[in-house]
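The values are calculated or read from the model by the stated rules, or taken from the named source; none is laboratory data. What you see is a predicted model, and the numbers here were worked out from it, not measured in a lab. For neighbour counting, all protein chains shown are included, and Cβ atoms are generated from backbone atoms with ideal geometry for every residue, glycine included.
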Amino acid sequence: MTTSQAKPSLPHVVALGGGFGSMYLYKTLSRMARRKKIRLTVIDRNNYNCFHGLVPEMLTGKISPNSLLNPLRSVFREAQFRNGTIEKIDLDKKEVLFSRGLDGKQFQVTFDHLFLNLGSVENFSLFPGIREHTLRLKSYADILQARHHLIMMLELADIEEDPVEVERLLNFVVAGGNYAGVEVASELADFLPRVARKRFPNIPVDKIRVTLIHSGDRILPELGNQFPKLRAYAERLVMGNPHIRLMTKTRLASATQEEAVLNTGERLPSRSIISCTGTIPSPLLGTLPFKRDRSGRIITDEFCRAEGSEFVWASGDCAAVPRSDGTYCPPLAIWAITTGRQAAINIKATLTGRRLKPYRFNGLGDACTLGNWRAAAHVKGIPLYGLAGYLSWRGFVLAYLPVWEKKVRLLFDWLVAPIFGRDLINMNVHRSVGVTPVMFEPGQDIVREGDVGQSLYIIRTGEVEVLKRAENGGPPDLQATLQAGDHFGEAAVFQGVRRTATVRAKTRVELLHVMREAALALSDSSPFIAERLSSSPADSSD
Ligand SMILES: Cc1cc2nc3c(=O)[nH]c(=O)nc-3n(C[C@H](O)[C@H](O)[C@H](O)COP(=O)(O)OP(=O)(O)OC[C@H]3O[C@@H](n4cnc5c(N)ncnc54)[C@H](O)[C@@H]3O)c2cc1C
């Protein structure tokens, strides 16, 4: 293990996570760091921060993928930046362990004040299949994959002749009627028909459908009762869009490769299920002795200090900071910014022996984009609709982007897109060449007789049926039932033949999907594996 130390006599402030909270902590403390009054260290697993407010515009090719990213080394110039994954926080020893991505080698850093800004992580426990079969919008890698996936759906729909498959390709399901879900659904319903009309002559544009699924009875709970007219305006636009189907009081019960299964039992054919169903705070917080709110955030006092501690501060999505109206700050960027700034003011006050100042911010405004240059926004309590709302949203974004270079690039993107059109490059970043877990619901076909196959499957849990088409056109004949430990699809991989049977999930079934390249590499490496993979109880299935 390596110790990361320099000039130990100066008070050392260590920020965990380089999100909005840390950026605004840094703005307030950087002068002290420059004058060598303190040492400031920021640790983040990425050397960039992702600006999530721009995700819907990036997904739909309005701005370039890079415009979302802010380089942390340009932001934290007067601080020591450490690119690693935080593994452990020891409050007794006042030290943090982090590891490097290459091989897990660990490093240690000690602190006098600790600032928690770890953001949030995806909640994979919401419904089965969320990990395997949804497009997710939290990590940059996932966002980039989602962007290319959407464009790929258009490319595939343009050459597809089977109407059932065309429906799957042109149905997009968005789970979550919060800001992120409504923005994504609205931008998609604007973007997909628009580019299909212009660039994909074979796509039946009227078949493009974005289904927005929301568990509550009204979308945009964030607008709540405070701005009923704004919420009604957003609802009107969403419900009036011929390409959006809004389903309230409905939940996604599971996500599979070809269908979204709803809690009502309805099954929506789709190859694109986008999850905007929420996040949970970093699991690292659970290792600390502080009180947490119902969603797992660290509860702080009015000075942004973890309750009961003199030297641990928290801000942003990982902190429940009390507001003057008795509620806690919501997990949105503006609250991360202002609580980060407040924590910095109070760390400075602690170091210079002055009185701490309570957090008094009550909100500046908010905006939800609704596609086609429209948004529902409010600034200092004043509601703004349509174009005025959208321009105020752009103003917010430009104001809060932390790096000047990025502001200029974003402005450039916004100017260029209306002139030259959206960027439609599909880099195929999704393509799996290895082994991926997949899940199917009862009754779903995993492979279909007659299809070209490029992979085999190993059953982890559940049962499947191997079915062969009947000669006389009657119901298919059951050839075999396979269960955990069995595999199928090997003939397509090892003999290059088409699937000679359909394999259908009998129960919910979890499988490993092994691509041809990976299966061949495995069988080349060991005669034992080769023998096991190329012969199976389901030989007849291929
Ligand atoms: C799809 C989507 C759309 C959104 N749209 C909006 C919007 O329109 N408006 C809005 O106000 N908010 C929006 N949000 C919410 C907003 O992004 C967050 O509220 C904001 O980013 C929180 O800032 P933060 O400083 O708390 O954390 P973050 O900005 O998330 O930063 C946390 C940092 O901690 C790092 N980190 C976490 N764990 C570790 C670890 N173990 N080791 C090392 N580093 C670690 C991460 O890499 C990350 O850089 C959206 C969020 C999503 C997912």
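Observations
- Unmet requirement for GLY104, which otherwise passes all of (1) at pLDDT below 95; (2) surrounded by 15 or more Cβ atoms within 10 Å (Cβ to Cβ); (3) not acidic (Asp, Glu): (2)
- All of (1) more than 23 Å from the chain's Cα centre (by Cα); (2) touching a residue at least 60 places away in the same chain (Cβ under 8 Å) hold for ARG39 with one exception: (2).
- Residue check, GLU122 out of contact with any His (no Cβ under 9 Å at 6 or more places or on another chain) and farther than 18 Å from GLY19 by Cβ: no
- If you go through the range 122-151 and keep only what is acidic (Asp, Glu) and within 11 Å of the ligand (Cβ to nearest atom), you end up with GLU122, ASP142.
- On the stretch given as the range 309-318, residues that are assigned to a helix (DSSP H, G or I) and more than 11 Å from the ligand (Cβ to nearest atom) total 0.
- Filter pass, VAL509 being within 22 Å of MET439 (Cα to Cα), modelled with pLDDT of 95 or more and either in contact with a helix residue (DSSP H, G or I) (Cβ under 6 Å, 6 or more places away or on another chain) or surrounded by fewer than 17 Cβ atoms within 10 Å (Cβ to Cβ) (or both): no
- Scanning the range 267-292 for residues that are closer than 24 Å to LEU511 by Cβ and more than 18 Å from the chain's Cα centre (by Cα) returns ARG267, LEU268, PRO269, SER270.
- Just one of the listed residues (LEU246, LEU252, LEU268) is at pLDDT 95 or above and within 28 Å of ILE382 (Cβ to Cβ), namely LEU246.
- Taken over the range 83-119, the criterion of being assigned to a loop (DSSP other than H, G, I, E, B) and in contact (Cβ under 8 Å) with a residue 40 or more places away in the chain is satisfied by GLY84, LEU91, LYS94, GLY101, LYS105, PHE111, ASP112, ASN117, LEU118, GLY119.
- Pairs where the first residue, in the range 9-22, is under 13 Å from CYS318 (Cβ atoms) and the second is aromatic (Phe, Trp, Tyr), C-beta under 6 Å, 6+ apart: ALA15/PHE115
- Qualifying strands (runs of 3 or more DSSP E) (wholly inside the range 252-308; at least 1 residues being of a type in the set (Gly, Ala, Ser) and out of contact with any Gly (no Cβ under 6 Å at 6 or more places or on another chain)): 252-255, 259-262, 272-275
- Top-ranked residue in the range 376-405 [being within 24 Å of the chain's Cα centre (by Cα) and outside any helix (DSSP H, G or I); ranked as surrounded by the fewest Cβ atoms within 10 Å (Cβ to Cβ)]: VAL403
- Any hit, the range 208-217, residues being within 26 Å of ASP366 (Cβ to Cβ), aliphatic (A, V, I, L, M), within 14 Å of the ligand (Cβ to nearest atom) and surrounded by 15 or more Cβ atoms within 10 Å (Cβ to Cβ): no
- Only one of the listed residues (ARG305, ARG360) is among the basic types (Lys, Arg), closer than 30 Å to PRO11 by Cα and not assigned by TED's automatic domain parsing to the domain that holds ARG31. That residue is ARG360.
- Scope the range 477-531; condition among the charged types (D, E, K, R) and touching a residue at least 24 places away in the same chain (Cβ under 8 Å); matching residues: ASP486, GLU490, ARG498, ARG499, ARG504, LYS506, ARG508, GLU510, ARG516, GLU517
Listed here are the residues, each with its yes/no results for (1) buried (at least 19 other Cβ atoms within 10 Å of the Cβ); (2) within 25 Å of LYS93 (Cβ to Cβ).
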position: VAL312; (1), (2): yes, yes
position: LEU332; (1), (2): no, no
position: ALA336; (1), (2): yes, no
position: GLY340; (1), (2): yes, no
position: ASN346; (1), (2): yes, yes
position: ALA349; (1), (2): no, no
position: ARG355; (1), (2): no, no
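- Residues being of a type in the set (D, E, K, R), in contact with a Pro (Cβ under 7 Å, 6 or more places away or on another chain) and within 30 Å of VAL184 (Cα to Cα) - total across the range 81-136: 1
- Filter result (in a loop (DSSP other than H, G, I, E, B), touching a Lys or Arg at 6+ places or on another chain (Cβ under 6 Å) and closer than 22 Å to LYS138 by Cα) within the range 162-221: SER215, LEU220
- Failed condition for LEU29, given (1) within 21 Å of ARG136 (Cα to Cα); (2) assigned to a helix (DSSP H, G or I); (3) at pLDDT 95 or above: (1)
- Residue that is modelled with the lowest pLDDT [pool: residues in the range 1-26 that are within 16 Å of the ligand (Cβ to nearest atom) and of a type in the set (Gly, Ala, Ser)]: SER4
- Reported count of residues in the range 32-49, each being near the ligand (Cβ under 7 Å from one of its atoms), within 30 Å of GLU183 (Cβ to Cβ) and part of a strand (DSSP E or B), is 2.
- Answer from VAL464, VAL408 - the residue that is outside any loop (DSSP other than H, G, I, E, B) and surrounded by 13 or more Cβ atoms within 10 Å (Cβ to Cβ): VAL464
- Test: residue in the range 353-375 that is away from the ligand (no atom under 13 Å from the Cβ), out of contact with any Cys (no Cβ under 8 Å at 6 or more places or on another chain) and of a type in the set (Val, Ile, Thr): no
Yes/no matrix, rows are residues, columns are (1) within 16 Å of the ligand (Cβ to nearest atom); (2) over 13 Å from TYR26 (Cα atoms); (3) charged (D, E, K, R); (4) in contact (Cβ under 8 Å) with a residue 60 or more places away in the chain:
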{"residue": "ALA320", "(1), (2), (3), (4)": "yes, yes, no, no"}
{"residue": "SER324", "(1), (2), (3), (4)": "no, yes, no, no"}
{"residue": "PRO330", "(1), (2), (3), (4)": "yes, yes, no, yes"}
{"residue": "THR338", "(1), (2), (3), (4)": "yes, no, no, yes"}
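- Residues in the range 220-261 that are in contact with a strand residue (DSSP E or B) (Cβ under 8 Å, 6 or more places away or on another chain), in contact (Cβ under 8 Å) with a residue 40 or more places away in the chain and hydroxyl-bearing (Ser, Thr, Tyr): TYR233, SER254, THR256.
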